[in-house]
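> Dropping the structure in here first, questions after.
The values are calculated or read from the model by the stated rules, or taken from the named source; none is laboratory data. In this text, all values refer to a predicted model and were calculated from it rather than measured experimentally. Here Cβ is always computed from backbone atoms with ideal geometry, including for glycine, and neighbour counts include all displayed protein chains.
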Amino acid sequence: MWIVLACVAVAGLTACDLSSGPGARGEGAPVGSQAMRAPAPVLAEREVDRLIGLSREAVLAMLGPSTFTRRDGPAEILRYATDDCFLTLFLHRGDQPRGGTLTVHHVDANARSRAAAGWVNARTCYGQVLELRGIPVREG
């Protein structure tokens, strides 16, 4: 039952902002089509690759504490959750000695619902994490 309520809430939030962006009211787009498309991405979504190579400390300074952390030998997994997705960062020491710095080697994203599965990827999820955390997005 809670999954249905969460889906209804997400769909309602998606349909609420009809006043901005292409296809907004007054630009000829039917109102009903707004609820069917993914939320408008933030500009930072295209910069998800900038996470690769960042140290654990830099990630935490930028995104704050993760909602889930797992340590597994020389690796660490940081997961950030939004209503629609999980952004997962895989950190590793590489060839560095045991005390070496953990750095991001891979970024992945998973949808939290079937409805979001059609549009969630690492870029859109990263954009949602930034938006959720209130992190200002640099233009350009």
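> Can you give me the number of residues within segment 79-102 that are in contact with a strand residue (DSSP E or B) (Cβ under 7 Å, 6 or more places away or on another chain) and buried (at least 20 other Cβ atoms within 10 Å of the Cβ)?
8
> Look at segment 52-94 and say how many of its residues are in a strand (DSSP E or B), closer than 20 Å to ILE135 by Cβ and β-branched (Val, Ile, Thr).
Step one: of segment 52-94, the residues in a strand (DSSP E or B) are 55, 68-72, 75-81, 85-92.
Cutting the leftovers down to closer than 20 Å to ILE135 by Cβ gives us 55, 68-69, 78-81, 85-89, 91.
Now drop any that are not β-branched (Val, Ile, Thr), which leaves 69, 88.
Total meeting the criteria: 2.
> Restricting to segment 78-120, count the residues that are at pLDDT below 95 and aromatic (Phe, Trp, Tyr).
1
> Are there any pairs with C-beta distances below 7 angstrom linking a residue in segment 75-93 that is touching a residue at least 60 places away in the same chain (Cβ under 8 Å) to a residue that is surrounded by 21 or more Cβ atoms within 10 Å (Cβ to Cβ), with the two at least 6 apart or on different chains, and if so which?
Between residues of segment 75-93 that are touching a residue at least 60 places away in the same chain (Cβ under 8 Å) and residues that are surrounded by 21 or more Cβ atoms within 10 Å (Cβ to Cβ), the close pairs are ASP84/ALA116; ASP84/VAL120; ASP84/GLN128.
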